[in-house]
Amino acid sequence: MGENNIKAIMDTTMDKLHAMVDADTIIGTPLTVGNITLIPVSKASFGLATGGSDFPSKTQSGLFGGGGGAGVTISPVAFIAIKDGDVKMMPIYNDLSAVDKAINMAPEMLEKVKELFKKDKN
């Protein structure tokens, strides 16, 4: 009896984890500004724990106790920049936390992308 309950806990935990993290989380929705398209790229890390036990007794059989859990961390690591058919990868370095760095880079991101494409054409 305990094996089926542990399997149910594992299945539920994995379903919830899958709902939080999928390929669309890692490669984000493209953002288009003018003629430049930026695609965010993230890293996902996760941990999973599941446990259970079965304590049958003389008067009752099939008792079960169990639990499961998971944790997910998603961190932006780069942007893919596309302009006029040229593609550039722009990593985000972890001087600060990745999220802080991404927020701080937003205003200057377009300028950096424009400079990269200008350098390649010259």
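Read the figures in this text as sums done on the coordinates, not as results from a lab. This structure is a prediction, so every number in the text was calculated from the model and none was measured.
Here the Karplus curve 6.51 cos²θ - 1.76 cosθ + 1.60, taken at θ = phi - 60°, turns the phi angles of segment 80-90 into couplings of 9, 9, 10, 8, 6, x, 8, 10, 10, 9, 10 Hz, with x standing for Gly and Pro.
By the rule of a C-alpha distance below 27 Å, with chain neighbours fewer than 8 residues away ignored, the lysines paired with Lys118 are Lys83, Lys88, Lys101. Here's the list of lysines a cross-link from Lys16 could span, going by alpha-carbon distance under 21 Å and ignoring same-chain residues fewer than 8 apart: Lys7, Lys43.
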